[in-house]
Each structure stands twice: as structure tokens, then as C-alpha cells.
Amino acid sequence: PPLWALHAIPFFLLGLVLSWLLAFKLQWLPIFGGYSAGATPALSWSFVLDVLRHAVLPALSIVLVSVGGWALAMRGMMITTMGEDYVTFAEAKGLRSATIFTRYCMRNAILPQTTGLALALGQILSGAVLVEAIFGYPGIGALLFQAIEENDFFLIQGIVFTVIVALGFATFVLDVIYPWLDPRISYGQS
């Protein structure tokens, strides 16, 4: 199936499928937790590798769904961009297909996608709450879930504030990167 079909699958459902396939059937990855039972948290290579092994399934389920949505939106933007007059003009000039694709189509289609990526961080975090609950992964989503269960309003406010600051920072980084992606964008005076 095409990559954009992954966008139709919820984070948590893909997490269950990946868990069944990669952890239960193939036994390549651990099925539950943030690190192995009985492991003592320490700053050692063995513990860090253990934590990374446990993070693969939750991260993979979130990233695959996000990449599916990004691929679907990028496909739509590329189709729209390929119908523009400047692409027709570039074809009439006799430019190579690869040049037209990278310099004209992709360069203009990537700008809205970059904005969408920065704004999708909030959606990714909301999906992370369910994914972390499924995998028993001790992340910020699981902490938020626990705070909601216990009516810990100060912790909920702290997590929401942190998410808002992270989204603001991502938007700031996006504004800094925009002139590099498209030289027509500048923040100087006219």
C-alpha cells in the first residue's frame, strides 16, 4: 500500500499492530515499559541502549502515522504545483524533468509542508498520550494521563504550558528556516 495510507490509521491502533508483529510474533523488540524490568537506571551504554530499544515501538507508531499524513499532503501540494504556469514555462524552456521537479515543484510545495510539520507537533503529542498508555512507556503523555486521572491540575497546567512553549519555539525555528528554504522570503525592511 502507498505510504499515505498510514495516515488513515490511528496512532494507538498502529501501535498495537506493530507491537503484535515486532514484539510478540518476531520478538525483535520489547513489548512494554521504558526499560527492562530489574534494570537500574544509570548513565551507561547498556542502559541507554535498553531505553532506546524500548522507545522504538512507540516512536515508530507515531512517526509512521505522521509520515503518512505528510506524504498525503505533499502529494496534493505537488499535484497542485505541477499545474502552475511557471512549471509549464520551465517545461517549454526545455529544462530537464529532475530540475523542474526539484527546483520548481518541490521547492514551492515544501513551504506549506514545513508549516504543517511545525503545527502537527500538538497532534503528535495528543497521539503520544494513547501510545504511551498502550506501551506503558513513561513519557510526558503517560504523565499527563496520570495527572488527569488524579486531578492534578498544577501538573496538567505545567504540561500544557510546556507544550505551548514547545509549539511556539517550533514556530520560531520555522520562521528562521523559511528564508533558507525560499530566498524570496526576507524579514528585512522593504
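The values are calculated or read from the model by the stated rules, or taken from the named source; none is laboratory data. Note that this is a predicted model, so its numbers are computed, not measured. In this analysis, Cβ positions are derived from the backbone assuming ideal geometry, glycine residues included, and neighbour counts consider all displayed protein chains. These area figures cover heavy atoms from the full protein model, side chains too; ligands, DNA and RNA do not enter into them. Shrake-Rupley method; radii C 1.70, N 1.55, O 1.52, S 1.80 Å.
Looking at (1) without any contact (Cβ under 8 Å) to a residue 24 or more places away in the chain; (2) more than 19 Å from residue 112 (Cα to Cα), can you tell me which one residue 34 breaks?
The number of the failed condition is (1).
Which residue, of 138, 112, is open to solvent by 30 Å² or more (accessible area, probe 1.4 Å), of a type outside the set (Asp, Glu) and without any contact (Cβ under 8 Å) to a residue 60 or more places away in the chain?
On the way: 138 fails: without any contact (Cβ under 8 Å) to a residue 60 or more places away in the chain.
Answer to the selection: 112.
Is it the case that residue 106 is touching a residue at least 12 places away in the same chain (Cβ under 8 Å), in a helix (DSSP H, G or I) and open to solvent by 60 Å² or more (accessible area, probe 1.4 Å)? Walk me through it before giving the result.
On the way: touching a residue at least 12 places away in the same chain (Cβ under 8 Å): yes; in a helix (DSSP H, G or I): yes; open to solvent by 60 Å² or more (accessible area, probe 1.4 Å): yes.
It is true that residue 106 is touching a residue at least 12 places away in the same chain (Cβ under 8 Å), in a helix (DSSP H, G or I) and open to solvent by 60 Å² or more (accessible area, probe 1.4 Å).
Out of (1) under 28 Å from residue 65 (Cβ atoms); (2) open to solvent by 60 Å² or more (accessible area, probe 1.4 Å); (3) in a helix (DSSP H, G or I); (4) not small (Gly, Ala, Ser), what's the single condition that is false for residue 154?
(1)
Condition check ((1) open to solvent by less than 60 Å² (accessible area, probe 1.4 Å); (2) touching a residue at least 12 places away in the same chain (Cβ under 8 Å)) across all residues:
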residue: 55; (1), (2): yes, yes
residue: 74; (1), (2): yes, yes
residue: 85; (1), (2): no, no
residue: 99; (1), (2): yes, no
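Residues of region 17-34 being modelled with pLDDT of 90 or more and either under 22 Å from the mean Cα position of the chain (by Cα) or surrounded by 10 or more Cβ atoms within 10 Å (Cβ to Cβ) (or both), which ones?
Correct list: 17, 18, 19, 20, 21, 22, 23, 24, 28, 29, 30.
Taking only pairs six or more apart or across chains, which ones have beta-carbon atoms under 8 Å, a first residue in region 141-170 that is over 14 Å from residue 128 (Cβ atoms), and a second residue that is in a helix (DSSP H, G or I) and polar (S, T, N, Q)?
Once the first residue is over 14 Å from residue 128 (Cβ atoms) and sits in region 141-170, its partners that are in a helix (DSSP H, G or I) and polar (S, T, N, Q) give 152/146.
Which condition from (1) open to solvent by 90 Å² or more (accessible area, probe 1.4 Å); (2) more than 25 Å from residue 143 (Cβ to Cβ); (3) of a type in the set (A, V, I, L, M); (4) in contact (Cβ under 8 Å) with a residue 24 or more places away in the chain is the one that residue 119 breaks?
(2)
Taking residue 169 as the residue in question, decide whether it is over 19 Å from the mean Cα position of the chain (by Cα), of a type in the set (A, V, I, L, M, F, W, C) and part of a helix (DSSP H, G or I). Write out each step before concluding.
Working: over 19 Å from the mean Cα position of the chain (by Cα): no; of a type in the set (A, V, I, L, M, F, W, C): yes; part of a helix (DSSP H, G or I): yes.
Considered against the rule, which asks whether it is over 19 Å from the mean Cα position of the chain (by Cα), of a type in the set (A, V, I, L, M, F, W, C) and part of a helix (DSSP H, G or I), residue 169 comes out as no.
Look at region 1-30 and say how many of its residues are over 17 Å from residue 129 (Cα atoms), in contact (Cβ under 8 Å) with a residue 24 or more places away in the chain and not in a helix (DSSP H, G or I).
Residues flagged as over 17 Å from residue 129 (Cα atoms), in contact (Cβ under 8 Å) with a residue 24 or more places away in the chain and not in a helix (DSSP H, G or I) within region 1-30 amount to 3.
For residue 128, only one of the following conditions fails: (1) hydrophobic (A, V, I, L, M, F, W, C); (2) more than 20 Å from residue 61 (Cβ to Cβ); (3) surrounded by 12 or more Cβ atoms within 10 Å (Cβ to Cβ). What is its number?
Every condition holds for residue 128 apart from (2).
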